[in-house]
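Computed from the coordinates by the stated procedures, all read-outs in this text should not be read as laboratory data. Because the structure is predicted, anything quoted here is derived from the model rather than measured. Here the Cβ positions follow ideal geometry from the backbone for every residue, glycine too, while neighbour counts run over all protein chains shown.
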Amino acid sequence: MLFLATLVYFVFTLINFNKVDKEFKSDNNSQDITLTPSKSEELIKTEVEKGEKEWDIGNRESNTEEVIEIKAEKQTEGDIVAIIRMRIVGGEIINKTSQYITLEGCNLSNLNKITNVCIDIAKPTPFEDGEIISSIIIKWDSSSEHKIYRSSEFGYYNGTEFNASNK
């Protein structure tokens, strides 16, 4: 019985919603009022962009290749895996290297221009704070906007818990 009542209410709501459309009658007079969306300069961020912060690292000079060294910023004493998630604007990733075990964390094989870094770096012993754990070569283009973003998924794992370093 409750299901039937809920269904009737849902159908009634849909019918009334479809009647509303974009025109309303004012209570004071019988003129039609047409609603139009306002134009806003506000930027709508994608799901990817919501969880990232700009990272002030490197020189970012137009038409150059630059090596960005990723240094360990361990969150706990036992951090043995670094989860590196970055996105660049105004260039492309040429190469990623590390002296430790590296696994590709994303499927980037279908992209012509790689602008994301998604690597997991594992070390048999805990990272030392400040040690270089990866080098990333970026080729900056001729645009005026060159940025590096760290994802909220950038962080460290100690064997039991993940600690984001991008809080």
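Extension gain for Asp120-Glu161 works out to 13.3 nm (0.36 nm per residue, less the C-alpha to C-alpha distance). Distances between placed amide hydrogens fall under 5 Å for Gly105 paired with Cys118, Ile119, Asp120, all partners being 5 or more residues away or on another chain.
Label separation (Leu103 vs Glu128): 2.6 nm, computed from points 7 Å beyond Cα along the C-beta direction.
With R₀ fixed at 22 Å, the C-beta to C-beta distance from Ser142 to Asp56 puts the FRET efficiency at about 0.50. Positive-end ranking of Gly155, Phe127, Ala72 along the dipole of region 51-164, with charges on Cβ about the Cα centre, is headed by Gly155. For the peptides 94-102, 78-86, residues were scored by their other Cβ atoms within 10 Å and the scores averaged per peptide; the highest-first order is 78-86, 94-102. Footprinting exposure proxy ranking of Cys106, Cys118, fewest other C-beta atoms within 10 angstrom first, gives Cys106, Cys118. Distances between placed amide hydrogens fall under 5 Å for Ile114 paired with Ile93, all partners being 5 or more residues away or on another chain.
Note down the magnitude of the dipole of region 51-164 about its Cα centre, charges +1 on Lys and Arg C-beta and -1 on Asp and Glu C-beta and zero elsewhere, to the nearest 20 debye. Each step should come with its number before you reach the end.
On the way: 12 positive and 20 negative charges, 60 e Å.
Dipole about the Cα centre, nearest 20: 280 debye.
Using a 10 Å cut-off around each Cβ, can you sort Thr160, Thr76 from fewest to most neighbouring Cβ atoms?
So the ranking, lowest neighbour count to highest, is Thr160, Thr76.
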